[in-house]
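Just below is one structure, and these are the notes that go with it.
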Amino acid sequence: MEPITSIDRYEPDYAHSCEVCGSTPVVSGVKNDKTVYVATMCGPCLWNEPGAGDPATWNEATGA
């Protein structure tokens, strides 16, 4: 089993399309300025949140 890597921030990856809806960008995770994770889904499909279509919202703190 591979260790879990924490993510510093999420960034858009326009090189890939969402496997669910076909849109771009998909979500990528960055740690220490290196991409450590590339999702196969866009923000709305990954987080089930329509507002996540705007990559500028991906790193905002939630009010939970």
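Within segment 9-23, how many residues turn out to be surrounded by fewer than 16 Cβ atoms within 10 Å (Cβ to Cβ) and either at pLDDT below 95 or in contact with a Cys (Cβ under 7 Å, 6 or more places away or on another chain) (or both)?
3
Taking the conditions exactly as written (open to solvent by 40 Å² or more (accessible area, probe 1.4 Å) and either modelled with pLDDT under 95 or within 10 Å of the chain's Cα centre (by Cα) (or both)), does Thr62 satisfy them or not?
yes
Is it the case that Ala52 is assigned to a helix (DSSP H, G or I) and surrounded by fewer than 13 Cβ atoms within 10 Å (Cβ to Cβ)? First the steps, then the outcome.
Working: assigned to a helix (DSSP H, G or I): yes; surrounded by fewer than 13 Cβ atoms within 10 Å (Cβ to Cβ): no.
Criteria not met by Ala52.
Would you be able to tell me the number of residues in segment 19-41 that are among the hydrophobic types (A, V, I, L, M, F, W, C), closer than 15 Å to Asn59 by Cα and either in contact with a Ser or Thr (Cβ under 6 Å, 6 or more places away or on another chain) or touching a residue at least 24 places away in the same chain (Cβ under 8 Å) (or both)?
Within segment 19-41, residues that are among the hydrophobic types (A, V, I, L, M, F, W, C), closer than 15 Å to Asn59 by Cα and either in contact with a Ser or Thr (Cβ under 6 Å, 6 or more places away or on another chain) or touching a residue at least 24 places away in the same chain (Cβ under 8 Å) (or both) number 1.
Could you please let me know if Val26 is surrounded by 12 or more Cβ atoms within 10 Å (Cβ to Cβ), in contact with a Leu (Cβ under 9 Å, 6 or more places away or on another chain) and among the hydrophobic types (A, V, I, L, M, F, W, C)? Break it down into steps so the answer makes sense when it comes.
On the way: surrounded by 12 or more Cβ atoms within 10 Å (Cβ to Cβ): yes; in contact with a Leu (Cβ under 9 Å, 6 or more places away or on another chain): yes; among the hydrophobic types (A, V, I, L, M, F, W, C): yes.
So Val26 passes the test.
Is there a residue being out of contact with any Ser or Thr (no Cβ under 9 Å at 6 or more places or on another chain) and of a type outside the set (A, V, I, L, M, F, W, C) anywhere in segment 42-52?
yes
Does any residue of segment 4-18 turn out to be out of contact with any helix residue (DSSP H, G or I) (no Cβ under 6 Å at 6 or more places or on another chain), acidic (Asp, Glu), without any contact (Cβ under 8 Å) to a residue 60 or more places away in the chain and in a strand (DSSP E or B)?
yes
The values are calculated or read from the model by the stated rules, or taken from the named source; none is laboratory data. As the structure is a prediction and not an experimental result, all values here were calculated from the model. Counting neighbours? That spans all protein chains shown, and the Cβs are built from the backbone with ideal geometry, glycine included. For accessibility, only protein heavy atoms count, side chains too; no ligands or nucleic acids. Shrake-Rupley method; radii C 1.70, N 1.55, O 1.52, S 1.80 Å.
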